[in-house]
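For reference, the structure I am asking about is given below.
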Amino acid sequence: EHHWNTPKPCGSAIVERDGRALLIKRARAPWRGHWDIPGGFCDPAEHPEDAARREVTEETGLRDIELTGCLGAWIDTYPDERAERGERPIESTLNVCYLARSSGDGRPQPDPGEVLEARYFAADELPAEIAFPDHILPALAAWAQRQRQR
């Protein structure tokens, strides 16, 4: 029997407010203490758009998330201690990133079990400690380029 090691779909969203992007500081491994775009794995048969809205709400407490566009999609790998020890294959991810806004007041109330801090950043003040740099850095670069073109 052949096992297909296909990418796991993920949905994320850059919530925009006053020209700034909402990022979260991860409370869990992998990449604990690094900044990330709110998002995560899709549930079975869940569209990445729905996963993005769900994950933003779960991680930031923001409700009424409206997706305003698709920023792009990037392939990455998900670091895992068992995979690094060779006990299972390294999993790849297909990360679809959207642009979004919240119709509420925009003030995050993060889940402390998942998020150490949530903060809005301008394109020229993004933090250096970025989680999942193979897809978060290009996503943030694409977002920053859009900001410069406005």
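The values are calculated or read from the model by the stated rules, or taken from the named source; none is laboratory data. It should be emphasised that the depicted structure is a prediction, and the values quoted were computed from it without experimental measurement. Using ideal geometry, Cβ is built from the backbone for each residue, glycine included, and neighbour counts are taken over all protein chains shown. The accessibility values were calculated without ligands, DNA or RNA, using every heavy atom of the protein model including side chains. Shrake-Rupley method; radii C 1.70, N 1.55, O 1.52, S 1.80 Å.
For the condition free of Cβ contacts under 8 Å to residues at least 12 places away in the same chain, open to solvent by 90 Å² or more (accessible area, probe 1.4 Å) and either in contact with a strand residue (DSSP E or B) (Cβ under 8 Å, 6 or more places away or on another chain) or not aliphatic (A, V, I, L, M) (or both), what is the one hit in Arg17, Arg85?
Arg85
Then there is this: Looking at (1) outside any helix (DSSP H, G or I); (2) basic (Lys, Arg); (3) modelled with pLDDT of 95 or more; (4) open to solvent by 70 Å² or more (accessible area, probe 1.4 Å), which is the only condition Arg63 fails?
Unmet condition: (3).
Among the residues of region 69-86, are any of a type in the set (Val, Ile, Thr) and either closer than 15 Å to Arg101 by Cα or not in a strand (DSSP E or B) (or both)?
no
Thr6: at pLDDT 95 or above and of a type in the set (S, T, N, Q), yes or no?
no
Each row is one residue, and each column tells you yes or no for (1) within 15 Å of the chain's Cα centre (by Cα); (2) more than 18 Å from Ala122 (Cα to Cα); (3) buried (at least 19 other Cβ atoms within 10 Å of the Cβ).
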| position | (1), (2), (3) |
| --- | --- |
| Pro7 | no, yes, no |
| Cys10 | yes, yes, yes |
| Trp31 | yes, yes, no |
| Phe41 | yes, yes, no |
| Glu46 | no, yes, no |
| Thr57 | yes, yes, no |
| Tyr98 | yes, no, yes |
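Give region 119-140 a look and list any residue that's surrounded by 12 or more Cβ atoms within 10 Å (Cβ to Cβ), among the small types (Gly, Ala, Ser) and not in a helix (DSSP H, G or I), or say none.
Ala122, Ala131
Further, regarding this structure: State whether one or more residues within region 67-77 are more than 22 Å from Gln145 (Cβ to Cβ), of a type in the set (Phe, Trp, Tyr) and open to solvent by 20 Å² or more (accessible area, probe 1.4 Å).
Checking region 67-77: not a single residue is more than 22 Å from Gln145 (Cβ to Cβ), of a type in the set (Phe, Trp, Tyr) and open to solvent by 20 Å² or more (accessible area, probe 1.4 Å).
Check Glu59, Glu91, Glu46 and return the single one that is in contact with a Phe, Trp or Tyr (Cβ under 6 Å, 6 or more places away or on another chain), farther than 25 Å from Gln145 by Cα and of a type outside the set (Phe, Trp, Tyr).
That would be Glu91, the only listed residue that is in contact with a Phe, Trp or Tyr (Cβ under 6 Å, 6 or more places away or on another chain), farther than 25 Å from Gln145 by Cα and of a type outside the set (Phe, Trp, Tyr).
What are the residue pairs meeting all of these: first residue in region 132-150, first residue in contact (Cβ under 8 Å) with a residue 24 or more places away in the chain and of a type in the set (A, V, I, L, M, F, W, C), second residue open to solvent by 20 Å² or more (accessible area, probe 1.4 Å) and part of a helix (DSSP H, G or I), Cβ atoms under 8 Å, and 6 or more apart or on different chains?
Cβ pairs passing all conditions: Trp143/Ala123.
Starting from region 21-50, take each residue that is at pLDDT below 95 and list its partners that are open to solvent by 50 Å² or more (accessible area, probe 1.4 Å) and in a strand (DSSP E or B), counting only C-beta distances under 9 angstrom and pairs at least six apart or across chains.
Note: pairs meeting the criteria are Pro30/Tyr78.
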